[in-house]
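**Student:** Quick one: the structure is below, and I'll ask about it shortly.
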Amino acid sequence: FVFEGLDARPVPSLFRDFSAPVRLEPQPVEDLTVLFAHDPNPFNRWEAGQQIATRLLLDGIAEGSRIALPDSFVGAIDRLLADEGLDPAFVADAIILPSEAFLADQMAEIDVDAIHAVREEARAQIGRVLAGRLRRRFDALSDRGAPEIDAAAMGRRALKNVCLAYLATSPAAIDLVVAQAQRGTTMTDVLAALTILRDLDTPERPRLLGAFYD
């Protein structure tokens, strides 16, 4: 196909609205970054972000557990967080990094420590660079009254808790996690906070886990 009169090379968003996902590989990271930041098709936008993150994390593991996330990738996450017209449930899924189990599946020889170290460093970088945006979305999504249990409310809680997980990579945000673990109005929020605390070396961890167990 030849398109006339364009100021820049177009980036195709292919296989939209199929009954099952179709993954096109490989695609240039530059194209994937455009799709991750702008694609109006939710699956293609999510898939682009996951492909970029997977490549970055696996490259970081290969480089001895060192990673520096490109500004373009972090900026695309910022754009997702800033767009309040998007479904919060979608944004929550779109900005989560690939899981350690998924990354392990991509490796011929699995280095558990390296996977964990690189993924945590990437989370910390996102949390540090986007701290202001993450905090604003967290505050805006927090329940102000009796919690609701419809799909929209569950989506808001999902995004709020993803924001909290990124914020918790900074010691300055631990009080937010502790407060939610103590005063969360839904089991979803309490478990999200306790899951974050489980992986943090803080004096509050044994007390709050013990209180929940009791």
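The values are calculated or read from the model by the stated rules, or taken from the named source; none is laboratory data. On a predicted model such as this, the values are computed, not experimentally measured, just so you know. Here Cβ is always computed from backbone atoms with ideal geometry, including for glycine, and neighbour counts include all displayed protein chains. Surface areas here come from the heavy atoms of the whole protein model, side chains and all, with no ligands, DNA or RNA. Shrake-Rupley method; radii C 1.70, N 1.55, O 1.52, S 1.80 Å.
**Student:** To the nearest 20 debye, what is the magnitude of the charge dipole of the chain about its Cα centre, counting +1 on the Cβ of each Lys and Arg and -1 on the Cβ of each Asp and Glu?
**Tutor:** 660
**Student:** With charges only on Cβ, +1 for K and R and -1 for D and E, what is the dipole size of region 108-214 about its Cα centre, in debye, rounded to 20?
**Tutor:** Computed charge dipole of region 108-214: roughly 560 debye.
**Student:** Oh, and also: Take ASP175, ASP150 and sort them by solvent-accessible surface of the protein heavy atoms, 1.4 Å probe, largest at the top.
**Tutor:** Sorted by accessible area, descending: ASP175, ASP150.
**Student:** How many angstrom lie between the C-alpha centres of region 154-170 and region 1-33?
**Tutor:** Going from one Cα centre to the other spans 30 Å.
**Student:** Note the angle between two axes, namely the Cα long axis of helix 174-183 and the longest principal axis of the Cα atoms of the chain, as a number of degrees from 0 to 90, rounded to the nearest 10.
**Tutor:** The angle comes out at about 60 degrees.
**Student:** Using Cα pairs closer than 8 Å and at least 6 residues apart in sequence, work out the relative contact order for region 114-214, in percent.
**Tutor:** Computed over region 114-214, the figure is 23 percent.
**Student:** Which number do you get for Rg(Cα) / (2.2 N^0.38 Å) in region 1-106?
**Tutor:** 1.14
**Student:** Could I ask something else about it? What's the magnitude of the charge dipole for region 1-119 around its Cα centre, counting Lys and Arg as +1 and Asp and Glu as -1 at the beta-carbon? Answer in Debye, nearest 20.
**Tutor:** The dipole of region 1-119 has a size of about 80 debye.
**Student:** Test of understanding: extend the Cα→C-beta vector of ASP201 to 7 Å, then name every residue of region 87-115 with backbone N under 12 Å from that spot.
**Tutor:** Once the point is set 7 Å along Cα→Cβ of ASP201, nothing inside region 87-115 turns out to lie under 12 Å by backbone N.
**Student:** Compute log10 of I(q)/I(0) for the chain with the Debye formula, placing one identical point scatterer on every Cα and leaving out solvent, at q = 0.09, 0.11, 0.17 Å⁻¹, to two decimals.
**Tutor:** Values, matching the q order: -0.40, -0.60, -1.28.
**Student:** Here is a further query. Using R₀ = 45 Å, calculate the FRET efficiency as 1/(1 + (r/R₀)^6) where r is the Cβ-Cβ separation of ALA172 and LEU6; round to 0.05.
**Tutor:** Once rounded, the FRET efficiency stands at 0.45.
**Student:** Does anyone have the angle between helix 204-213 and the longest principal axis of the chain? Alpha-carbon axes, 0 to 90°, nearest 10?
**Tutor:** Roughly 80 degrees, rounded to the nearest 10.
**Student:** If each residue of separation counts as 0.36 nm, what is the full-extension length gain between LEU209 and GLU148 once their alpha-carbon separation is subtracted?
**Tutor:** In short, 19.4 nm is gained.
**Student:** Follow-up question, since we're still on this one. Could you work out the relative contact order of the chain? I mean the mean sequence separation of Cα pairs under 8 Å and 6+ apart, divided by the number of residues, in percent.
**Tutor:** 15
**Student:** Find which of ALA131, LEU35, PHE73 sits farthest along the positive direction of the dipole of the chain, computed with +1 on the beta-carbon of Lys and Arg, -1 on that of Asp and Glu, about the Cα centre.
**Tutor:** ALA131
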